[in-house]
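What follows is a set of notes on a single structure, which appears directly below.
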Amino acid sequence: MRRFLAVCVISLVAVSASAAPWSFVVTGDGRTDPKHSPDPTGINQPALTNLLRAVTTLQPTPTFMMFTGDLVSGTNLRVTMPIARQFQAWQDIVKSEATNLALLPLRGNHETYGDPDGATWKAMFNPMLAANNVTYLSGEEGFSFYYSPPGHPEALMIALDQFMPGNIHRVNLDALESALNKAKADNVKHIFVFAHEMAFTCTSHGDSDNMAAYPDERDKFVNLLQKYGCQYFFAGHDHACDWMAIRHPNWPTNYVLNQIVCGTAGAPFYADKGYYGDHHGFDLKRLDHRGNTLGYLVVTVDDDKKDNPVTVNFVPFTVK
């Protein structure tokens, strides 16, 4: 996957001093397969265990790991364990296998199955997020947050919940712009945005089951990312790894928004149906795609590389 090795990035401000390279990990969708001998915990436990073992042995050590939703299957006809016990089982594996890894989870749609208003999620995951000193977006307390890794005020991670009651498939655009405004005021050079659902259909979930369900609001979302110079939007939802370059005639010709979906942490793989649906005038180009492969992304920031400070690698892992 050569194109997962590098992509040109435009920083918001020039790098004023050299700094050691640093990295973080992104992946998502580690739930069990509810159709074929589902794990009662709602988790693909062997996959999650081996994922965490692989990540914790990386050198250099990642600064943190963002898990973009569908940690568990949720409560359904085949997985009947209460959602709170599924969440606890996931946390127990994390504590056992990745004690020293800063891990930031984000809700997916499966986290709402058995917890539609998010009360259980908020009660059980707030301590984990609070321990990593996240700041919640206004009106999204317990769900959407932003975060600067320790020692890296030049970078901001914005994690967006898309499952607030009455706002499914959408994000809080006002709260997002407030966070982006703060990043601009703080002279943040690198803004990375995360959510569970993708902005544009790319593999299997169609336009009715991602942010394209509300195309006007989706367009406002990606236009905000362009306005504030965000180059990378990470998601899950589709159980594959797909890198999409997004352009629009109204955007600067040298600007590209990279949508990178990585839902390869253990959930059953999805078939690739390509970039179908209504693109609303946006130009979508596939840079790379990986199906039927467990893996995670390692995102490396090296500000000494003026023309290419951010690289993204897809790293496969196996279940032993």
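The values are calculated or read from the model by the stated rules, or taken from the named source; none is laboratory data. Owing to the predicted nature of the structure, the values given are computational and were not obtained by experimental measurement. Using ideal geometry, Cβ is built from the backbone for each residue, glycine included, and neighbour counts are taken over all protein chains shown.
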Quick check on my filter: what residues within segment 272-295 are of a type in the set (D, E) and not in a loop (DSSP other than H, G, I, E, B)? D283, D288
What tally of residues in segment 105-139 results from selecting those that are touching an Asp or Glu at 6+ places or on another chain (Cβ under 6 Å) and not aromatic (F, W, Y)? 3
Return the pair list, or none, for Cβ contacts closer than 9 Å from residues in segment 159-184 that are without any contact (Cβ under 8 Å) to a residue 40 or more places away in the chain and among the aliphatic types (A, V, I, L, M) to residues that are surrounded by fewer than 14 Cβ atoms within 10 Å (Cβ to Cβ) and part of a loop (DSSP other than H, G, I, E, B), at least 6 apart or on different chains. A175/S138; A175/G139
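Condition check ((1) aromatic (F, W, Y); (2) out of contact with any strand residue (DSSP E or B) (no Cβ under 8 Å at 6 or more places or on another chain); (3) within 19 Å of K220 (Cα to Cα)) across all residues:
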site: D242; (1), (2), (3): no, no, no
site: R247; (1), (2), (3): no, no, yes
site: N258; (1), (2), (3): no, no, yes
site: F269; (1), (2), (3): yes, yes, no
site: Y275; (1), (2), (3): yes, no, no
site: L287; (1), (2), (3): no, no, no
site: N292; (1), (2), (3): no, yes, no
Count of segment 249-269 residues which are among the polar types (S, T, N, Q) and either surrounded by 14 or more Cβ atoms within 10 Å (Cβ to Cβ) or touching a Cys at 6+ places or on another chain (Cβ under 7 Å) (or both): 3
Pick from segment 265-308 the residues that are modelled with pLDDT of 95 or more and among the polar types (S, T, N, Q): which of them is nearest to the chain's Cα centre (by Cα)? T300
Could you tell me which residue of segment 292-311 is surrounded by the most Cβ atoms within 10 Å (Cβ to Cβ), considering only residues that are on the phi < 0 side of the Ramachandran plot and out of contact with any Ser or Thr (no Cβ under 8 Å at 6 or more places or on another chain)? K305
When the residues of segment 44-72 are narrowed to those that are assigned to a loop (DSSP other than H, G, I, E, B) and over 16 Å from the mean Cα position of the chain (by Cα), which ends up surrounded by the most Cβ atoms within 10 Å (Cβ to Cβ)? N44
Do we find that V171 is β-branched (V, I, T) and within 28 Å of A54 (Cβ to Cβ) in this structure? no
Note: among A89, A130, A123, A84, just one is out of contact with any strand residue (DSSP E or B) (no Cβ under 9 Å at 6 or more places or on another chain), closer than 23 Å to P268 by Cα and not acidic (D, E), namely A84
Are any of the residues in segment 270-286 out of contact with any helix residue (DSSP H, G or I) (no Cβ under 7 Å at 6 or more places or on another chain), crowded, with 22+ Cβ neighbours inside 10 Å and not acidic (D, E)? no
Every listed condition ((1) crowded, with 22+ Cβ neighbours inside 10 Å; (2) among the acidic types (D, E); (3) over 18 Å from the mean Cα position of the chain (by Cα)) holds for D219 save (1)
From the list H190, H239, exactly one residue is in contact with a Pro (Cβ under 9 Å, 6 or more places away or on another chain) and surrounded by 24 or more Cβ atoms within 10 Å (Cβ to Cβ). Which is it? H239
Only unsatisfied item for D92, checking (1) farther than 25 Å from P34 by Cα; (2) over 17 Å from the mean Cα position of the chain (by Cα); (3) assigned to a helix (DSSP H, G or I), is (1)
Quick check: is even one residue across segment 87-110 in contact (Cβ under 8 Å) with a residue 60 or more places away in the chain and aliphatic (A, V, I, L, M)? yes
Does V298 satisfy the condition of being assigned to a strand (DSSP E or B) and not polar (S, T, N, Q)? yes
